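**Student:** Sharing a structure, written as C-alpha cells. Questions coming.
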Amino acid sequence: MKEVLADLAGALTPLSVRGLQQECEERLRKVPNAINEFGFDGYGMSPEWLRRVALPGILLYRWYFRVETFDIERLPHGRMLLIANHAGQLPFDGVMLAASLLLEAEPPRIARAMGEYWIPRLPWVSVALARAGTLVGTPENCVHMLENGECVMVFPEGVRGINKPFPQRYQLQHFGTGFMRLALQTRAPIVPVAIIGSEEQQPGLVNLKGVGRLLGMPAFPITLGFPWLGPLGILPLPVKYRIYFGAPLHFEGEASDEDAVIEEKVEQVKRAVADLIERGLRERERVFT
Amino acid sequence: MEKVLITGIAGGQGRLLARRLLENFEVCGVDRVAWEGHPREVAVHAVDLRKKRFEDVIRTEQPTVVVHMGFIRHFRAGASMRHDVNVRGTKQLLDHCVNHGVQSLVVLSSSYVYGAFPENPYYMDEDSPLSASRSYPEIRDLVEVDTLASAFLWRYPHIRTCVLRPANVLGYYVHSMIGQYLREPRVPTVMGFDPMMQFIHEEDLSEAIALALEHGLQGVFNVTGPGEVPLHTAIRETGGRALPMPEPIMRPLFDRLFRWGLISYPPGAIDYLKYPITVAGDRFVEATNFRPLFSLEEIFQSLRR
C-alpha cells in the first residue's frame, strides 16, 4: 500500500519538483558532517530525515521567495558564526539562510540554529528541529558545535528584531553580546549576513507584548494579515529574498573581557551587517521582483 | 601482586570485571548474593556492606585496591531499602578504606546523576551539576553516592580515588535499568520525543575500569562508548517494538502501576525518555587512551532476542 502511494505520488509530481528533490539529495550527500552508521550526527541531525522534509523549504526557496545570494563563496571552511538581521514575524529568514547554505555553498553546509530553551519540551517539534540540526541555544552547545567545525547561525536581535513593526524595517535593533564571547572563545570567524526581503514579508503593525505574556508566547504581533485573516494571515507575502554574505571578520581578545570591550567588537559586526543591508537596499529596485 | 576487592562482584558487571582483573590482580569480592561457579582463584564473600562482617572481610583480605559497584539499581526491594544499601553501604566502605590501608578506589557512578532536562547541553563535562534528584527523586541515592565519593576524593588525597560516570551500559551479562527496559516485549516511549542516548558495552566498561586502575586515575570522569543514537533507533536495533504513549496518560499510569508494584520504572524515569543526557568522555580518553572496542551495532546485537 505504502509503495503504491509512493509510486502514485512520484507519478503525479511534476518533473521540475523531482529535479529539485534530486538536487537536494545530491547536496545532502556532500555535507562535511560526520554521520554515524545509523544516519545521525552527534547532535541528532539526520540528512536522511532532511531529505524527506526539505522539499517544502526548497519550493519556498526557489519558487516563492526566489532567493538570490550574493558573495556566498566568501564563506570560510570549517567553523563559523553567521550573524544576520532578523525580521518578518515568523523565522522564514532563518529557513531561507539555511537553505542557501545547503543549495548554494561549496561544500554544502548544514546551518545550525540555536533554539529557544522551551523547544525541547514540545512533542514532535523538538524531534523535528533536532533532526534538522537545531540545538538548545546554551553557550555550551554553541561552543561544542563551533569546536566541531560547524556553521552556527545567530540572530543577535532575537525577538526584538523578528517582531518589530513595519516602520522600523531594516533598522537593526540592539545586538546581544553572547555571540562575540563565543566567537572569541572558539576563535571562530564571524560572517555578517544581510537578508533583504524578509522585512517586508509580514508587515507588523504593533506587538502586543502583554497579550503575548498572558498566552506564554514570546510576542503577540498584530500584522496586516494576522489575526484578521485567521490561519491564512500568518502566510508571508511573496517578497523576493536577497541574501548578502560579507567578508569573514576575525576578532582577537579574551572571551572574559569587560562588556565595554566586547560591545565595541559587537558594534563592528553590527556596522558590517548594516553596510550589507544598505548595499542590498540600494541595489534592489522592487520589493516583489 | 596487588589485591583488589570488588563490591557487587556477583552482578553481571562485577563478574566481567573480576575476570578482566585476574590478569593483573589477586581478586576477591563481596556481594549480598552468592556467585555460583565463580573462578577458583576468586574469593567471594556473601556479606552486606552495611554489616560489621564486611569490615571483617576487609581486615582479613587486606586489599590495596577497591572497586565499588555494589549498588541496587532496581526498585524491586523498595526505594528506602535501595537508598539505605547504596548510601550507607558506600559510607561504610569509604570509612573502611581509610582505616584499612586501601590505596586506590574506583567508584562506579553513572551519567544519570546529571539528570535529564530540556535545557541540557549536549556532551556535558564532569563539572556539570548533578541535578538528577530534581526530576527523578527515586534515584537520589545515586547522586548521594557520587557526592560522597567526590567529597572523599578531596578529603583523602593520599588515597587515589576515581569516580566513573559511564553512559548507558548494555550487554549480555549486565543487569542495567536501560537493558531491562530495552528487553521489554513492548518498549514504552513518550509520544513525540526521541532523545539521543549514548551507549557503552559492558566489556568496554570493564576495560575502562581496569585502565583507570592501571593509570592510577584520581578524579571524576565520564566514560563514553562508540557513540549515540535516538532512543527509537536503539529500540529498533535491539529487536524491540516501541509503544509510544501520550505523556498525559503515561505519567499517571506509571505513577499508579509503580506504586502498586506492577512495574519497576518510577514515573521520574519518564524524563529520561524525553530529554537527552549526553556526556563528554574526552577527559577519560586523554588520561587513559581508552578506545571502546564494541561498535553501536555490536552493542545492540548483544541484546537481540
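Just so it is clear, none of the values below were taken in a lab; they were calculated from the coordinates. These numbers come from a predicted model, not from an experiment. No Cβ is skipped: glycine too gets one built from the backbone with ideal geometry, and neighbour counts run over all protein chains shown.
**Student:** With charges set only on the Cβ (+1 for Lys and Arg, -1 for Asp and Glu), what does the dipole of chain B come to about its Cα centre, in debye to the nearest 20?
**Tutor:** Working: 33 positive and 36 negative charges, 215 e Å.
For chain B, the charge dipole is close to 1040 debye.
**Student:** Only Cα pairs within less than 10 Å get springs; with that Gaussian network setup on chain A, which residue of A:Val159, A:Val191, A:Val273 has the largest fluctuation?
**Tutor:** Top of the fluctuation ranking is A:Val159.
**Student:** Now a separate question. Amide H to amide H under 5 Å from B:Val223: which residues, 5+ apart in sequence or cross-chain, H placed 1.01 Å off N in plane?
**Tutor:** Result for B:Val223 returns B:Arg165, B:Ala167.
**Student:** OK, next. Under 12 Å from the Cβ of B:Glu55, count the other residues' Cβ atoms, weight Lys and Arg +1, Asp and Glu -1, and hand me the total.
**Tutor:** Overall, the nearby charge balance is +1.
**Student:** What is the distance in Å between the Cα centres of segment A:212-230 and segment B:115-178?
**Tutor:** Each part reduced to its Cα centre gives a spacing of 44 Å.
**Student:** Relative to the compact globular guide of 2.2 N^0.38 Å, what is the alpha carbon radius of gyration of segment B:81-157, as a ratio?
**Tutor:** Numbers: Rg = 13.8 Å, N = 77, 2.2 N^0.38 = 11.5 Å.
Working it through for segment B:81-157, the quotient is 1.20.
**Student:** A further question follows. Which three numbers, in whole Å and largest first, are the semi-axes of the equivalent ellipsoid of segment A:173-289 derived from its Cα gyration tensor as √(5λ)?
**Tutor:** Listed largest to smallest, the semi-axes of segment A:173-289 are 32, 22, 10 Å.
**Student:** Hey, can you grab everything whose amide H is under 5 Å from the amide H of B:His45? Only 5+ residues off in sequence or another chain; H modelled, so Pro and N-termini drop out.
**Tutor:** B:Gly29, B:Val30, B:Asp31
**Student:** No solvent, one uniform scatterer per C-alpha: report log10 I(q)/I(0) for segment A:27-143 via the Debye equation at q = 0.11, 0.19, 0.23 1/Å, two decimals.
**Tutor:** Once normalised to I(0) and log-transformed, intensities are -0.36, -1.20, -1.74.
**Student:** Using a Gaussian network model on chain B with a 10 Å cutoff between Cα atoms, which of B:Gly14, B:Gly281, B:Gly101 fluctuates the most?
**Tutor:** Most flexible of the set in this elastic network: B:Gly101.
**Student:** Another question, then. Using amide H atoms built 1.01 Å from N in the peptide plane, name the residues 5+ places from A:Arg112, or on other chains, whose amide H lies under 5 Å from its own.
**Tutor:** Answer set, sorted by chain and number: A:Cys151, A:Val152, A:Met153.
**Student:** Per residue and in Å³, how big is the convex hull formed by the alpha-carbon atoms of segment B:6-53? Don't jump to the answer; show the numbers that get you there.
**Tutor:** Details: hull volume 3.2 nm³, N = 48.
Dividing the Cα hull volume of segment B:6-53 by its residues yields 67 Å³.
**Student:** Grab the alpha carbons of chain B, take their convex hull, and tell me the volume per residue in Å³. Could the numbers behind the result be given before it?
**Tutor:** Numbers: hull volume 37.8 nm³, N = 305.
Residue-normalised Cα hull volume stands at 124 Å³.
**Student:** Show me, bin by bin at 5 Å from 0, the whole-percent P(r) of segment A:1-50 based on Cα pairs.
**Tutor:** 5, 17, 19, 17, 17, 15, 10, 1
**Student:** Would you kindly derive the ³J(HN,Hα) couplings of segment B:284-291 from the backbone phi angles with the Karplus curve 6.51 cos²θ - 1.76 cosθ + 1.60 (θ = phi - 60°), listing them in order in whole Hz, with x for Gly and Pro?
**Tutor:** Computed from phi, the couplings for segment B:284-291 are 5, 4, 4, 6, 10, 6, 4, 10 Hz.
**Student:** Additional query: Among the lysines, which have Cα under 30 Å from the Cα of B:Lys52 when same-chain residues fewer than 8 positions away are ignored?
**Tutor:** Partners found: B:Lys3, B:Lys91.
**Student:** When N counts the residues of chain A, how does its alpha-carbon radius of gyration compare numerically with 2.2 N^0.38 Å, as a ratio? Display every interim value, and only then the final one.
**Tutor:** On the way: Rg = 19.2 Å, N = 289, 2.2 N^0.38 = 18.9 Å.
So chain A has a normalised radius of gyration of 1.01.
**Student:** Size of segment A:53-103 along its principal axes in angstrom, Cα-based, largest extent first?
**Tutor:** 28, 22, 22
**Student:** I need the phi-derived Karplus couplings for segment B:252-261: 6.51 cos²θ - 1.76 cosθ + 1.60, θ = phi - 60°, integer Hz, Gly and Pro marked x.
**Tutor:** x, 5, 5, 4, 5, 4, 5, 5, 7, x
**Student:** If you don't mind, there's one more thing I want to ask. Using alpha-carbon positions, what is the distance between the centroids of segment A:67-99 and segment A:1-27, in Å?
**Tutor:** Here the answer is 27 Å between Cα centres.
**Student:** If you don't mind, another one. So if I restrict to the alpha-carbon atoms in the protein assembly as shown, what is the Rg, and what is Dmax, the biggest pairwise distance, in Å?
**Tutor:** Rg and Dmax of the protein assembly as shown, Cα atoms, are 27.8, 91 Å.
**Student:** In whole Å and largest first, what semi-axes does the C-alpha gyration tensor of segment A:137-222 yield when each eigenvalue is scaled by 5 and square-rooted?
**Tutor:** Details: eigenvalues 166, 53, 19 Å².
In descending order, the three semi-axes are 29, 16, 10 Å.
**Student:** Let me ask something additional. Two decimals is fine: what's Rg over Rh for segment B:134-289, C-alpha atoms, Kirkwood radius as Rh? Can you show the working numbers first?
**Tutor:** On the way: Rg = 17.3 Å, Rh = 17.2 Å.
When Rh is taken as the Kirkwood radius, the ratio is 1.01.
**Student:** Between B:Asp56 and B:Glu2, take the C-beta separation as r, use R0 = 25 Å, and let me know the FRET efficiency to the nearest 0.05. Each step should come with its number before you reach the end.
**Tutor:** Values: r = 21 Å, r/R0 = 0.83.
That gives a FRET efficiency of 0.75.
**Student:** Under 15 Å from a point 7 Å along the Cα-to-Cβ line of B:His175: which residues of segment B:5-27 have their amide N that close?
**Tutor:** B:8-16
**Student:** Okay, moving on. Looking at segment B:209-305, I'd like the Rg to Rh ratio, where Rg is from alpha-carbon atoms and Rh is Kirkwood's inverse mean 1/r.
**Tutor:** Details: Rg = 17.7 Å, Rh = 16.4 Å.
Computed over Cα atoms, the ratio is 1.08.
**Student:** Could I ask something else about it? For the pair A:Val125/A:Ser16, report the inter-label distance in nm, with labels modelled 7 Å from Cα in the Cβ direction.
**Tutor:** 3.3
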